[in-house]
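> Below is one structure. I have some questions about it.
The values are calculated or read from the model by the stated rules, or taken from the named source; none is laboratory data. Only a predicted model underlies this, so the values are computations on that prediction, with no experimental measurement involved. Note that we place each Cβ from the backbone using ideal geometry, even for glycine, and neighbour counts take in every protein chain shown.
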Amino acid sequence: MEDGIVLTMRGISKSFPGVRALNEVDFTLRKGEIHALMGENGAGKSTLIKVLTGVYPMDEGEIYLDGHDGAVSIHSPQDAQSIGISTVYQEITLCPNLTVAENMFIGRTSDKLVHWKEYERRAAEILDNLGIPARPNQELSRCSLAVQQMVAIARAVDMKCKVLILDEPTSSLDDKEVAMLFGLMRDLKSRGVGIIFVTHFLEQVYEVSDRITVLRNGQLVGEFKVEDLPQVQLVAEMMGKSLDDLAELEQIGQKTGSSGECVYEAEQLSSSECRPFDFQIHRGEVNGFTGLLGSGRSESVRAIFGADHVTGGKVQVDGKDVHISKPHDAMINGIGYLPEDRKRDGIIADLSVRDNIILALQVIQGMNHPISKAKAEAFADEYIEALQIKTASKETPIKSLSGGNQQKVILARWLLTHPQYLILDEPTRGIDVGTKLEIQKLVLKLADEGMSITFISSEIEEMLRTCSRLIVMRDRKIVGELTGENLTEAQVMKTIAGGTQQ
Amino acid sequence: MNSNEKVRTPRLREPLTDTQTLLFISIGIFLVMYIGAILLLGGGFTKPQMFFDLLNDNAALIIIACALTVVMIGAGINISVGGVIGLTVMACAIFLNKTQVESTGLAICMTLLLALGIGLAFGIWQGLLVAYLDIQPFIVTLAGMFLARGLTTILSVNPVKATHEGFLAFAKLKVKISWLGYVAQNGNLIPAKIEIGAIVAVATVIVMFLILRYTRFGRSIYAIGGNRQSALMLGINVRRSVFWSYVISGLLSGLAGFVFLMHKPAGNANVAMRGEMDAIAASIIGGTLLTGGVGNVIGSFFGAMILATIQKIIALSPLNASWWQDMASGAMLAFFIVLQSVVLMRKNAAFKKKVQQTEDGPKNNNTEVKEGTS
């Protein structure tokens, strides 16, 4: 193996039923480098990590590790650990009720007895050595998240790891904690540990990484030195668009401009999941939130609907101050929300199509005023017809419908309440092209009739077709707002990338 | 060495862990109750024998409280312990009456092995189902409870009195401590008496404490109760540890049955009826959380003693009636749970405050972390 290289993965392929998650991917990690693994959701990052750590067996390919002759075979996370590949996951995988020292040593020895003194002495040495602000006999739950993360790293490092995988380590840390973590990462790097850093945060990548490997749709896009890859180009690589192509892309479709008064306005709205932001939408306007996955677009609309714990901010609907802290508040103020996760937050799988349709209206009316059966039947018929929902009957349980038709049922549920402001979070995900177009057309038609709509989609083309205003988010902040002729794919990407260019 | 000093200095001011906090609460409450009883009720409570009587009468309860604690720390439950005691007592009583073994010592040993064997069988069976087939422990042990009660009745519908003379003589053996005794009205010194069962119970508590504190198995159980997924990622053999926790729990239930038989040598379909509920109450009062990861058998010992003391106090007070005992136990349990959650909440709130003071700035909370299987 070439000098200075600690890990080489060659031609890694992995398929799941119906999906080729990784296709002949190569990856190389050098000694003492921080190597960012980037890609959008579904690009194959986590599959690659899981292959490397033995969670998934690979279909094809070879893994070489410094100090081992020939390819190594890894069948379980324990195997990976024993040859020096350690992973620290984004959710802390330590036990909160044990002490820091115990968390560092439990499960590592085959001793039948626990040597507390020994553990505490060694833990103190390691913590001291790495400058981690924790005491060995402190209960782990008494440490901040960042320190817990660092304890996990200390455990990995003490197990003599050569390759340290940090899988989204920063997503639940605040800025100061991130800085602490980066300090530790640089320290480990100087000790010769190779670090694979998986994250959604572009700025953090540029702050600590030496190299970037980009994956897209299970394919290797390339390996770049950080200084050779400007941020905007990284975004383009991740999305699979070259900048020159983008400049030539034209917008399709007509837009509905904003007209008239403000339907919904939020000032410094914040929730447990998102930072404070300002937002307003006018009657008959279609706007969109865009940004990479993890940028906070879904969290923002969930805050608007009161789906997460709202922690602050002023909200006006139709110019009147209102208080929205739970979905019911939003619903009686004429706001509808089609959630991103249809299976979890949308459908009630065992209820019939009819019952799923009338659900929101029933909630708004209150349980003391049940919708009569005849009325429910009429509503169901009306929307099955209007949205062309393909179902055996209105009594069919919704779970036996296709994804697209389930989505239409949820859409019908909200349309039935005649909201003045409808939020659609990824309404077209996982549904076929025909239905996608229908939904897009419907969005434009509804806006024409005066409904205000927020439309979120991972596909930028789709958003450009439907939205007249795009709010761009990065790292959970609104970083730009695009309207009119700025609504081009190139401009969206530049805004997402931000910083380095312009 | 320099780092050695660094370890020792903070050791003194380390805040209590949840397990320790809850343990101290229950020890404190026990002392307050007991001293209160001495001052207010006087009488029997002034004599050390009262304390030993509480131990003698509740030895089996203390042992099954340990049996519950070990599974509850691992976030499980075992409600078959009362049933196993009932079955063990009945089986042992019948065995003693029918045995042809001449030697008394051998007969007693065989009875003990029978008791432990029954407990072990239940423990292994339930451990396999819970650990390796991932069946809810509540359901598994509920089935175990019904099974044990049913088997007890099959063995004998009528109460069976153990009449084996050797065994009865053995069961009556008591450790006598004269300096803790008292002088009766007729001038005779009556020494304090401790039954063998009580000694076994205290030994069980000590052994279980050491196992949970100093063995790999014990720490694994705490880790599993704290966060099962993490425990797995940390390289702990979760299934095996959970399995052993049920085996130990079953074994202790069998032991408790034997101790029970020594205290009251008669089998009966209703023996230790509700025993599992008392044991759960004792564990919880002793600071074991039903959610797992927090608890201590020493706490459970004091939990059982608190329950026993309440019942004794009520028995000696004008309110002597079983429903008053039940209500007092219930009230105590409710009081404890509220007290525990208040204490833990305040402790955690104080901690959060401290953290926030050191790390202000916008909290970058957990967002979209769903990585598809890609």
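> I'm trying to understand the selection: among the residues of the stretch A:100-124, which are under 37 Å from the mean Cα position of the chain (by Cα), buried (at least 17 other Cβ atoms within 10 Å of the Cβ), facing chain B (nearest Cβ under 8 Å) and not aliphatic (A, V, I, L, M)?
A:GLU102, A:ASN103, A:GLY107
> Tell me which residues, restricted to the stretch A:407-458, are charged (D, E, K, R) and outside the structural domain of A:PHE279 (by TED's automatic domain parsing).
Of everything in the stretch A:407-458, those that are charged (D, E, K, R) and outside the structural domain of A:PHE279 (by TED's automatic domain parsing) turn out to be A:LYS408, A:ARG413.
> Quick check on this structure: which one of A:GLN491, A:GLN420 is under 25 Å from A:MET238 (Cα atoms) and surrounded by fewer than 21 Cβ atoms within 10 Å (Cβ to Cβ)?
Values: A:GLN420 fails: under 25 Å from A:MET238 (Cα atoms).
Answer to the check: A:GLN491.
> Somewhere in the stretch A:141-150, is a residue farther than 27 Å from A:ASP79 by Cα, crowded, with 24+ Cβ neighbours inside 10 Å and within 13 Å of another protein chain (Cβ to nearest Cβ)?
Scanning the stretch A:141-150, I find at least one residue that is farther than 27 Å from A:ASP79 by Cα, crowded, with 24+ Cβ neighbours inside 10 Å and within 13 Å of another protein chain (Cβ to nearest Cβ), so the answer is yes.
> Also, I was wondering about something else. Pairs under 6 Å by beta carbon, first residue over 14 Å from B:ILE196 (Cα atoms) in the stretch B:51-69, partner charged (D, E, K, R), six or more apart or different chains?
B:LEU61/B:ASP278
> Oh, and also: Taking helices (runs of 4 or more DSSP H) that fall entirely within the stretch B:82-192, which contain at least 2 residues that are touching a Ser or Thr at 6+ places or on another chain (Cβ under 9 Å) and at pLDDT 95 or above?
Where helices (runs of 4 or more DSSP H) fall fully within the stretch B:82-192 and carry at least 2 residues being touching a Ser or Thr at 6+ places or on another chain (Cβ under 9 Å) and at pLDDT 95 or above, they are B:104-127, B:137-155.
> Also, I was wondering about something else. Identify, please: which residue in the stretch A:11-43 is touching an Asp or Glu at 6+ places or on another chain (Cβ under 8 Å) and β-branched (Val, Ile, Thr) and is, among those, nearest to A:ALA497 (Cα to Cα)?
A:ILE34
> Being within 12 Å of the chain's Cα centre (by Cα) and either small (Gly, Ala, Ser) or farther than 18 Å from B:ILE221 by Cβ (or both) is the requirement here; does B:ALA281 meet it?
It is true that B:ALA281 is within 12 Å of the chain's Cα centre (by Cα) and either small (Gly, Ala, Ser) or farther than 18 Å from B:ILE221 by Cβ (or both).
> Would you confirm, using the coordinates I've provided, whether B:GLY235 is at positive phi and within 14 Å of chain A (Cβ to nearest Cβ)?
Here the answer is yes, as B:GLY235 does meet what is asked.
> For B:VAL157, only one of the following conditions fails: (1) of a type in the set (Val, Ile, Thr); (2) touching a residue at least 60 places away in the same chain (Cβ under 8 Å); (3) crowded, with 17+ Cβ neighbours inside 10 Å. What is its number?
Of (1) of a type in the set (Val, Ile, Thr); (2) touching a residue at least 60 places away in the same chain (Cβ under 8 Å); (3) crowded, with 17+ Cβ neighbours inside 10 Å, only one is false for B:VAL157: (3).
> Here is a further query. Quick one: in the stretch B:208-219, which of the residues that are part of a helix (DSSP H, G or I) and facing chain A (nearest Cβ under 7 Å) is nearest to B:VAL71 (Cα to Cα)?
By that ranking, first place goes to B:ARG219.
> Okay, moving on. So which strands (runs of 3 or more DSSP E) are wholly in the stretch A:228-341 and hold at least 2 residues that are under 18 Å from the mean Cα position of the chain (by Cα) and modelled with pLDDT of 85 or more? Write out each step before concluding.
Working: elements: A:262-271, A:274-282, A:286-290, A:310-317, A:320-322, A:335-338.
The qualifying strands (runs of 3 or more DSSP E) are A:286-290.
> Scan the stretch A:62-82 for residues that are under 18 Å from A:LEU164 (Cβ atoms), more than 29 Å from the chain's Cα centre (by Cα) and away from chain B (no Cβ under 14 Å) and jot them down.
A:TYR64, A:LEU65, A:ASP66, A:GLY67, A:HIS68, A:VAL72
> Further question on the same structure: In this structure, does A:ASN217 turn out to be within 14 Å of chain B (Cβ to nearest Cβ), under 17 Å from A:ALA43 (Cβ atoms) and either in contact (Cβ under 8 Å) with a residue 60 or more places away in the chain or surrounded by fewer than 23 Cβ atoms within 10 Å (Cβ to Cβ) (or both)?
For A:ASN217, the condition - within 14 Å of chain B (Cβ to nearest Cβ), under 17 Å from A:ALA43 (Cβ atoms) and either in contact (Cβ under 8 Å) with a residue 60 or more places away in the chain or surrounded by fewer than 23 Cβ atoms within 10 Å (Cβ to Cβ) (or both) - is met.
> Quick check: anything in the stretch A:183-197 farther than 30 Å from A:VAL226 by Cα, of a type in the set (A, V, I, L, M) and touching a helix residue (DSSP H, G or I) at 6+ places or on another chain (Cβ under 8 Å)?
No, there is no match, as no residue in the stretch A:183-197 is farther than 30 Å from A:VAL226 by Cα, of a type in the set (A, V, I, L, M) and touching a helix residue (DSSP H, G or I) at 6+ places or on another chain (Cβ under 8 Å).
> On the basis of being without any contact (Cβ under 8 Å) to a residue 24 or more places away in the chain and away from chain A (no Cβ under 14 Å), does B:LYS193 make the cut?
no
> If you go through the stretch A:406-413 one residue at a time, do you hit one that is at pLDDT below 85 and surrounded by 21 or more Cβ atoms within 10 Å (Cβ to Cβ)?
no
> Criterion first (surrounded by 22 or more Cβ atoms within 10 Å (Cβ to Cβ) and not small (Gly, Ala, Ser)) does A:VAL25 satisfy it?
Yes.
> Which fully enclosed helices (runs of 4 or more DSSP H) of the stretch A:381-484 have 2 or more residues being touching a Phe, Trp or Tyr at 6+ places or on another chain (Cβ under 8 Å)? Even if it seems obvious, please write down each step before you answer.
On the way: elements: A:403-416, A:433-448, A:460-466.
Per the criteria, A:403-416, A:460-466.
> Please verify whether A:ASN97 is in contact with a Gly (Cβ under 6 Å, 6 or more places away or on another chain) and at the interface with chain B (Cβ under 9 Å from one of its Cβ atoms), treating the condition exactly as stated. Quick ask: steps written out before the conclusion?
On the way: in contact with a Gly (Cβ under 6 Å, 6 or more places away or on another chain): yes; at the interface with chain B (Cβ under 9 Å from one of its Cβ atoms): yes.
Yes: the conditions hold for A:ASN97.
> Let me ask another. Here's a check for you: in the stretch B:221-231, which residue that is under 17 Å from A:HIS115 (Cα atoms) and within 7 Å of chain A (Cβ to nearest Cβ) is nearest to the chain's Cα centre (by Cα)?
Out of the qualifying residues, it is B:TYR222.
> I would also like to ask the following. Going residue by residue through the stretch A:353-365, is there one that turns out to be within 30 Å of A:ARG476 (Cα to Cα), in contact with a strand residue (DSSP E or B) (Cβ under 8 Å, 6 or more places away or on another chain) and buried (at least 21 other Cβ atoms within 10 Å of the Cβ)?
Yes: the stretch A:353-365 contains one or more residues that are within 30 Å of A:ARG476 (Cα to Cα), in contact with a strand residue (DSSP E or B) (Cβ under 8 Å, 6 or more places away or on another chain) and buried (at least 21 other Cβ atoms within 10 Å of the Cβ).
> Within 14 Å of another protein chain (Cβ to nearest Cβ), under 25 Å from A:LEU416 (Cβ atoms) and either in contact (Cβ under 8 Å) with a residue 40 or more places away in the chain or touching a strand residue (DSSP E or B) at 6+ places or on another chain (Cβ under 9 Å) (or both), is that true of A:ARG344?
So A:ARG344 fails the test.
> For the stretch A:303-336, what are the residues that are within 10 Å of chain B (Cβ to nearest Cβ) and within 23 Å of A:PRO427 (Cβ to Cβ)?
Of everything in the stretch A:303-336, just one residue is within 10 Å of chain B (Cβ to nearest Cβ) and within 23 Å of A:PRO427 (Cβ to Cβ), namely A:ASP308.
> While we're on this one: Among the residues of the stretch A:10-47 satisfying the criterion of being aliphatic (A, V, I, L, M) and under 17 Å from A:PHE224 (Cβ atoms), which is nearest to the other protein chains (Cβ to nearest Cβ)? Spell out how you get there, then give the answer.
Narrowing the stretch A:10-47 to residues aliphatic (A, V, I, L, M): A:12, A:19, A:21-22, A:25, A:29, A:34, A:36-38, A:43.
Pick out the ones that are also under 17 Å from A:PHE224 (Cβ atoms) and you get A:25, A:29, A:34, A:36-38, A:43.
Values: A:VAL25: 12, A:LEU29: 20, A:ILE34: 20, A:ALA36: 15, A:LEU37: 12, A:MET38: 13, A:ALA43: 7 Å.
Among those residues, the one meeting the criterion is A:ALA43.
> Please work out if A:THR109 is among the hydroxyl-bearing types (Ser, Thr, Tyr) and at pLDDT 90 or above.
Against the criterion (among the hydroxyl-bearing types (Ser, Thr, Tyr) and at pLDDT 90 or above), A:THR109 does not qualify.
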